[in-house]
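Undergrad: The structure follows.
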There are 2 protein chains.
Amino acid sequence: MDYQPRPEDVSFLLNAVLDAPARLATLAPFAEVDEALQSQVLEEAGRFVGEVVAPINRGGDEIGCRFVDGEVVSPPGFREAYQAFVDGGWPALSAATEDGGQGLPAVLEAVLYEWLAAANHGLTMAPGLLHGAYACLKHHGSEELKQRYLQKIATGEWLATMCLTEAHAGSDLGQVRTRATPQVGQADGSLRVNGGKIFISGGEHDLTPNIVHLVLCRLPDAPAGPKGLSLVLVPKLLPDGTRNAVHCERIEEKMGLHGSPTCTMRFDDATGWLVGEPGRGLAAMFVMMNSARLHVALQGIGLLDAAWQKADAYAAERRQMRAPGPVPASRGSEPADLIAEHPAVRRILDTQRAWIDGARTLAYRSALMLDVAAHDADPKARERAQRWCSFVTPVLKAACTHQAFHGASECLQVFGGHGYVREWGIEQIVRDARVTMIYEGTNEIQAIDLLVRKVLPDGGVGMSAVLLELRDTLDASREADADVQRRLAQLRYLGTTVAMAAHANPVLPYEVADDYLRVTMLAMMAWAWARIEAVAPQDADKARAAAAFRRWVLPEFEMRLGIVKRACETVALSHHAATPPGVAN
Amino acid sequence: MDYQPRPEDVSFLLNAVLDAPARLATLAPFAEVDEALQSQVLEEAGRFVGEVVAPINRGGDEIGCRFVDGEVVSPPGFREAYQAFVDGGWPALSAATEDGGQGLPAVLEAVLYEWLAAANHGLTMAPGLLHGAYACLKHHGSEELKQRYLQKIATGEWLATMCLTEAHAGSDLGQVRTRATPQVGQADGSLRVNGGKIFISGGEHDLTPNIVHLVLCRLPDAPAGPKGLSLVLVPKLLPDGTRNAVHCERIEEKMGLHGSPTCTMRFDDATGWLVGEPGRGLAAMFVMMNSARLHVALQGIGLLDAAWQKADAYAAERRQMRAPGPVPASRGSEPADLIAEHPAVRRILDTQRAWIDGARTLAYRSALMLDVAAHDADPKARERAQRWCSFVTPVLKAACTHQAFHGASECLQVFGGHGYVREWGIEQIVRDARVTMIYEGTNEIQAIDLLVRKVLPDGGVGMSAVLLELRDTLDASREADADVQRRLAQLRYLGTTVAMAAHANPVLPYEVADDYLRVTMLAMMAWAWARIEAVAPQDADKARAAAAFRRWVLPEFEMRLGIVKRACETVALSHHAATPPGVAN
């Protein structure tokens, strides 16, 4: 009952719904990447994930990473699987060919990582972090650093970490205290790094001989707050092969994700080199933020799909009680019906399916926009793609990870008491998924990022442009499409409403940010399902999921819309009441 | 940071909101149980739970129960704490004085168990099961069995189990196969029991010398299905002190609740005695069903309160970033504000508080109705109380346990990354709470029990009577009360709507049962909050929770109402369309 990728499901969304092959063909680096090649890559990726990565997932949870004498011992099979991953060229799928990569589109890598997370979230954390480090170094590293580290990281020969969090500085990175000090008379321009970091995924492990840490630090005399932060590269092994003074002090006992070591790191006069300019550490680190957050959204989608696969298989075998209504064909002479025939179970399965494929459509479109933003010859097209990513990424990160946890819990419910015990592996998915709502910026921070930092500053104009892009793909003569157009219009108007209310009460957007994000996700999901149904009107499974989406998921749109609107009205009312007549504000 | 019961919070709800002391005083057995005595019991219970039970909760999770050579070893401190629980007379709080009990009201026991579960869900499972066994034996046991077991169980000297589930028979107990065979010429009238049971909480442990199993079995020639089930008492130690042939084969590895052993039991010609009549096993077992399910609801409330306490304390200490809006008094010269000042965190805390106290009000009222149903001199009053319990119990069981898991997860979110690691104990609560959505009848089965088995058979009349009871406590001249009356009226009408639609499509109620249950809970919570606000108009904390309830929780009422109504309309439309003109149905 290990996770099994289904390339044909993904290809349907990429090809029929999103027209990805045609769009990619317009981008110079992917002129040769036709639909046949894409299918072949997905087939091979699916096979690798299903055969090599999925089978060791449970050991990763039950045995987990162990901390022995300052070293981290990976769970059984992880080293071999990671080596096979490197040997297959998978870490470098989308890296530039000059860095040892395959130069394939980001959208294919997105699918690969969705499947990896579905099959084995713990193992996936290891290579998941090298992409950010690769991009960061490629954009901001000195020639010397690139020479030394870029290809090793691109190919996965060495793994990398992002060392941001400190005990007192989580969401608030401005409070980071780790120091980096220049060494007078040091010929190699190196710095000495001192301080402690927590929650460092893969801070220590036995998967690769070297580990490259990108560490957020403060140079001497740096101003307080985020503008005083710089980025420093600290390798576990120094260029001469000796051990650097960076060490793992312990690994966390976590709710899940036992296959990935979460390390407390100590830097004691460790040697490092500046990446990018002093005081520009956050900017350098966040060069890949949209991509990293999209990948967390994809983890969510993958974990939900993994939970769905398990529940779907169980419901097709387990028999309990008679189902109401007409005699199901599956009854035969059995004393009880398949639980898949029971409406409560059917509803859970169809609803999660609706989330998976709706969210996939949006996430794959975002990945495609990463490719367009990077490679389109037309700067306007790049800008539009960048805008899409900027607005849609926080929505997907929060909504897909929220659904991963809650939807996986629904799938657990299908198993009854059997879901609560380890045997079927479903409870592991619930535990593993929980972290995705927290890391790469908590879901609350995603909502504030969307509404406060992106939608409101221009009064909703940018967001409106994104929604108009979606509207223009719809055909108002179709009933379903007209319904989506109406919702998109409501959502555009909502941005203006909140912007006006925020003038009177600047706290309000922080209070309703979560609702605003949800209503956005639901409108976009409605768009996705309208598109899916338009291209596959005869597909019974899709029709069932679409119906579940409309019946059980979409009603939250009106609820959330109402919450935001009422909050805005209350502000308007109390503001008018508090303003004496004749006094403008 | 262990859980600390707050008797004053509970007393406010019992005394000011529910007028419990006055109601209890009208019941003959509790004529002497005045408010002062009730307060004293709660104070002592709170102290016991806080000092003895809460501190060993984490060890219960981390070390858990261990299975060693066929025996279960309890986590550190559990034996001593359980012995102190027995010595304090707590197991027998509500048991009859003639059975060694204290004869106190069920409503006080309800509060005790809410706190026990909040402090240590695992340990609470052990005594939690003796109450059902006590009632079952008291109502259905032979004089001889009562003589032998009743007092031992009432006082907690011996613990008990309910052996229902088998591998292929979970929600569907009609499929139970364990056999009980009379022994020809056996003077003691005993039976021989053979079969296997799974998911038996406390099937084996070292807390008490004897364990009394109540086992659902099939006598020879019993008809298939639930009507062929009988109940048999199988003690671990036989009356002569020898070991009976009932054994634990293994204990489950579970997502949580590690402090309670979940046993796979084997009966190999074990000796047992029939309890009640042959073929009436389910009826005998379910004599305490409302009470047992209410206690699971209370576990949910307790676990949510435990999660809230942790998150509230953390939010009052942890500082991250500046809060938006006016400078909070707590800022001082700190570089960052308390996270309790951040709107997203405030919303989580206030929303969960709204759930806890709203649900408590309803759960305590239900417990009070158990007392009324058992002891009121007026048979009409007993019947009304019984009706309340019948309709409200499944609502509370499902809604409170759902909120326990989801609300605890929200509280975890307050901790950010620190919530995902063991240190703060919040992730344990999420894992422990998850099982309450499954056991004592899954939440899906609660919803079907409510709508299909209780509301629909009489066309909504009984449910309507329950809602009218609530309406009659309201004062329509108050705006908040009038709003609740409107919702209760909508809910009454909804029952009729579903009953009519169910004629055309008998599957429909199964599809919307969950929405119907939610809309019922939300209307009743609105009632609870209107009552709380009416008696405590000046309480700032309560006002904040009430506002959170109306802003963030109550909007789901309209959403769920809409889902059910649209489903009914669709049925009506398609039914009309499918019926040729002139053909009645």
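The values are calculated or read from the model by the stated rules, or taken from the named source; none is laboratory data. Computed from a prediction, not measured in an experiment: that's the story for all the values here. FYI the Cβ positions are ideal-geometry reconstructions off the backbone, even for glycines, and counts take in every protein chain you see. All accessible areas refer to the heavy atoms of the entire protein, side chains included, with ligands and DNA or RNA removed. Shrake-Rupley method; radii C 1.70, N 1.55, O 1.52, S 1.80 Å.
Undergrad: Taking the Cα centre of the stretch B:406-561 as origin and charging only Cβ (+1 Lys, Arg; -1 Asp, Glu), how large is the dipole, in debye to the nearest 20?
TA: That gives the stretch B:406-561 a dipole magnitude of about 140 debye.
Undergrad: While we're here: Roughly how many Å² of B:MET321 are accessible to a 1.4 Å probe, to the nearest 10?
TA: Approximately 60 Å² of B:MET321 is accessible to the 1.4 Å probe.
Undergrad: Protein chains only, probe 1.4 Å: how do A:ARG434, B:ARG179, A:ARG551 rank by accessible area, largest first?
TA: Values: A:ARG434 0, B:ARG179 130, A:ARG551 90 Å².
Largest to smallest exposure gives the sequence B:ARG179, A:ARG551, A:ARG434.
Undergrad: Could you list log10 I(q)/I(0) for the protein assembly as shown at q = 0.08 Å⁻¹, which the Debye formula gives when each Cα is one point scatterer?
TA: -0.91
Undergrad: So how much accessible area does A:ASP61 have, in Å² to the nearest 10, using a 1.4 Å probe?
TA: So the heavy atoms of A:ASP61 present about 10 Å² to solvent.
Undergrad: Just to check, using Stokes-Einstein with a Kirkwood Rh over alpha carbon pairs, what's the diffusion coefficient of the stretch B:442-580 at 4 °C and 1.567 mPa s in µm²/s? Working shown, then result.
TA: Numbers: Rh = 15.9 Å.
Result for D is 81 µm²/s.
Undergrad: I've got another one for you. Which of the listed residues, B:GLY459, B:TYR134, B:GLY225, is farthest toward the dipole's positive end in chain B, when Lys, Arg count +1 and Asp, Glu count -1 at the beta-carbon?
TA: B:GLY459
Undergrad: The stretch B:207-255: which residues show an accessible-area loss of 40 Å² or more, assembly versus chain alone, 1.4 Å probe?
TA: B:GLU253, B:MET255
Undergrad: Sort A:PHE67, B:PHE549, B:PHE12 from largest to smallest accessible area, using a 1.4 Å probe on the heavy atoms of the protein chains. Could you put the intermediate results ahead of the total?
TA: Details: A:PHE67 70, B:PHE549 5, B:PHE12 45 Å².
Output order, biggest surface exposure first: A:PHE67, B:PHE12, B:PHE549.
Undergrad: Please list, or write none, the lysines whose alpha carbon is within less than 18 Å of the alpha carbon of A:LYS397, excluding same-chain residues fewer than 8 places away.
TA: Partners within reach: A:LYS454.
Undergrad: Compute the length gained on full extension between A:ASP188 and A:GLU62: take 0.36 nm times their separation in residues and subtract their Cα-Cα distance, giving the result in nm to one decimal. Provide the component values of the computation, followed by the final result.
TA: Details: separation 126, 0.36 × 126 = 45.36 nm, distance 4.48 nm.
Value of the extension gain: 40.9 nm.
Undergrad: Separate question: Which lysines, if any, have their Cα less than 20 Å from the Cα of A:LYS254, not counting same-chain residues under 8 positions apart?
TA: The qualifying lysines are A:LYS197, B:LYS254, B:LYS310.
Undergrad: With every protein chain left in place, what is the accessible area per residue of the protein assembly as shown in square angstrom, probe 1.4 Å?
TA: I get 37 Å² per residue for the protein assembly as shown.
Undergrad: On to the next question. Kirkwood hydrodynamic radius, computed over distinct alpha-carbon pairs, for the stretch A:60-172: how many Å, to one decimal? Could you put the intermediate results ahead of the total?
TA: Values: mean 1/r = 0.0650 Å⁻¹.
Mean inverse Cα-Cα distance, inverted, gives 15.4 Å.
Undergrad: Also, I was wondering about something else. Pop a pseudo-label 7 angstrom from the Cα along the beta-carbon direction at both B:SER142 and B:ARG478 and give the gap in nm to one decimal.
TA: A separation of 5.6 nm, rounded to one decimal place.
Undergrad: I want to verify the translational diffusion coefficient of the stretch A:7-137 in µm²/s; compute it with Stokes-Einstein, Rh as the Kirkwood radius over Cα pairs, at 20 °C and 1.002 mPa s.
TA: On the way: Rh = 15.9 Å.
Answer from the Stokes-Einstein relation: 135 µm²/s.
Undergrad: Continuing with the same structure: Using a 1.4 Å probe and ignoring any ligands, DNA or RNA, find the accessible area of A:CYS65 and quote it in Å² to the nearest 10.
TA: 20
Undergrad: Still on this model: Counting alpha carbon pairs within less than 8 Å and at least 6 residues apart, what relative contact order, in whole percent, applies to the stretch A:133-210?
TA: Numbers: 79 pairs, mean separation 21.7, N = 78.
Once divided by the residue count of the stretch A:133-210, the mean separation gives 28 percent.
Undergrad: State to the nearest 20 debye the size of the charge dipole of chain A about its Cα centre, where the only charges are +1 on K and R beta carbons and -1 on D and E beta carbons. Could the numbers behind the result be given before it?
TA: Numbers: 57 positive and 71 negative charges, 294 e Å.
Once rounded to the nearest 20, the dipole reads 1420 debye.
Undergrad: Now a separate question. Which value in Å is the Kirkwood Rh of chain A over different Cα pairs?
TA: Details: mean 1/r = 0.0398 Å⁻¹.
Kirkwood radius, chain A: 25.2 Å.
Undergrad: Checking an interface number: how much accessible area is buried between B and A, summed over both chains, with a 1.4 Å probe, in Å² rounded to 100?
TA: What B and A bury together is about 5600 Å².
Undergrad: Just to confirm the numbers: A:ALA96, label point 7 angstrom along the Cα-Cβ line, distances to the other copies in nm, shortest first?
TA: With the label placed 7 Å along Cα→Cβ, A:ALA96 yields 8.6 nm.
Undergrad: For B:VAL111, B:VAL86, write out the residues from largest to smallest accessible area, computed with a 1.4 angstrom probe and no ligands counted. Present the calculation step by step, with values, prior to reporting the outcome.
TA: Working: B:VAL111 0, B:VAL86 30 Å².
Result of the area sort, largest leading: B:VAL86, B:VAL111.
Undergrad: Hey, for A:PRO223 with labels 7 Å out along Cα-Cβ, what do the inter-copy distances come to in nm, ordered shortest first?
TA: Computed spacing set for this position: 8.4 nm.
Undergrad: Quick one: with label points 7 Å out along Cα→Cβ, list the inter-copy distances for B:PRO457 in nm, shortest first?
TA: Taking the point 7 Å beyond Cα along Cα→Cβ, the inter-copy spacings are 6.3 nm.
Undergrad: For the stretch B:389-438 and the stretch B:106-167, what is the separation of their C-alpha centers, rounded to whole Å?
TA: A separation of 24 Å, based on Cα centres.
Undergrad: Same structure, new question: Ignoring ligands, DNA and RNA, what percent of the 1.4 Å accessible area of chain A is carbon and sulfur? Numbers along the way, then the final one.
TA: Details: 11230 of 21450 Å².
Answer for chain A is 52 percent, counting heavy atoms of protein chains only.
Undergrad: Where the centroid of each part is defined by its Cα atoms, how far is the stretch A:232-276 from the stretch B:177-223 in Å?
TA: Answer, in whole Å: 58.
Undergrad: Also, I was wondering about something else. Mind checking which of A:LEU207, A:GLY241, A:VAL184 is farthest towards the positive end of the stretch A:157-279's charge dipole, using Cβ charges of +1 (Lys, Arg) and -1 (Asp, Glu) about the Cα centre?
TA: A:VAL184
Undergrad: Return the chain B residue and its Cβ-to-axis distance, rounded to the nearest Å, for the rotation relating B to A.
TA: For chain B, the closest residue to the axis carrying it onto A is B:MET559, 2.
Undergrad: A further question follows. Might you report the magnitude of the Cβ-based charge dipole of the stretch A:246-316 about its Cα centre, with Lys and Arg at +1 and Asp and Glu at -1, to the nearest 20 debye? Spell out each step's value before the answer.
TA: Working: 6 positive and 8 negative charges, 32 e Å.
I would put it at about 160 debye.
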